[in-house]
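Step one of this worksheet: look at the structure below.
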Amino acid sequence: MLYKYIGNKLKINDDTIVSNGDILTVRLDKDTKVDGPITTSVINSCNIINNRTGKEIPNAMNFYTERIKDLEPLDIDAGDIDEVEETAVIEDKVNHPSHYTWLKQLCGIEVIDITRHMDFDLGNAIKYILRCGHKEELGYSNKEKTIEDLRKAIFYINDKIEMLERQ
C-alpha cells in the first residue's frame, strides 16, 4: 500500500529517514482471525521503503505503529499518485549499493570501475575515500561513518607504504 507521510521530518543520528511529503511503500504481513462477529488482525512483520530514497525505514514495525496517524493512504485510481510512483526503487545492496553508485549518477562510472584496475591496498583506499559521506549505517551519524571510512583509507595507504618500504 502507498502512503504519503504528513508528519515532521524524522532523523536518526543526523540522517534524515523520512520527510513530510515522502511517498512510502508499506508491506504488512498480517494474520486475520474471525471469531464469530469479531475479526482481529495481527501484524507479524512490516517493511517500509521510502520511495524518494529507495531505502528501508529502520525499525519499520515501531515506525508504523507509532506514526500511523502521519500516514495518509494514497489511491492510484483516485488520481492521488501516478502509476509510475507505485513501484518503490529498491536498492541493490550487493551489486550496486548507493554508497558506491552515486559517482555513476555524477559522471557515468561506478567506484568499482576505478578500483578494479588497482592493487588491493590502493583499490581499497580509493573505495573508502569515494564512499565516505555516502554510506549510512544504523547507530552511526553521517560524520562518524565518514571519519571511519577515512581512517580505513589511511590504513590501506599506510599498509601500501610499509609494503613498499620493505621491498
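The values are calculated or read from the model by the stated rules, or taken from the named source; none is laboratory data. None of the values given here were measured: they were computed from a predicted structure. Glycine also receives a Cβ, built like all others from the backbone with ideal geometry; neighbour counts cover every protein chain displayed. Side chains are part of the model used for accessible areas, which takes the heavy atoms of the whole protein and leaves out ligands, DNA and RNA. Shrake-Rupley method; radii C 1.70, N 1.55, O 1.52, S 1.80 Å.
Kindly establish whether residue 145 is open to solvent by less than 60 Å² (accessible area, probe 1.4 Å), assigned to a helix (DSSP H, G or I) and more than 27 Å from residue 56 (Cα to Cα).
Criteria not met by residue 145.
Check segment 101-123 and report whether any residue there is loosely packed, with under 12 Cβ neighbours inside 10 Å, aliphatic (A, V, I, L, M) and within 26 Å of residue 17 (Cβ to Cβ).
yes
Residue by residue, here is whether (1) buried (at least 16 other Cβ atoms within 10 Å of the Cβ); (2) among the polar types (S, T, N, Q); (3) under 18 Å from the mean Cα position of the chain (by Cα); (4) not in a loop (DSSP other than H, G, I, E, B) holds:
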| residue | (1), (2), (3), (4) |
| --- | --- |
| 25 | yes, yes, yes, yes |
| 30 | no, no, no, yes |
| 33 | no, no, no, yes |
| 39 | no, yes, no, yes |
| 46 | yes, no, yes, yes |
| 63 | yes, no, yes, yes |
| 69 | no, no, no, yes |
| 72 | no, no, no, yes |
| 75 | no, no, no, no |
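Looking at this structure, is residue 91 at pLDDT below 75, open to solvent by less than 80 Å² (accessible area, probe 1.4 Å), more than 16 Å from residue 3 (Cβ to Cβ) and of a type outside the set (Val, Ile, Thr)?
Criteria met by residue 91.
Mind checking whether some residue in segment 97-116 is in contact with a Pro (Cβ under 9 Å, 6 or more places away or on another chain) and assigned to a helix (DSSP H, G or I)?
No, that holds for no residue.
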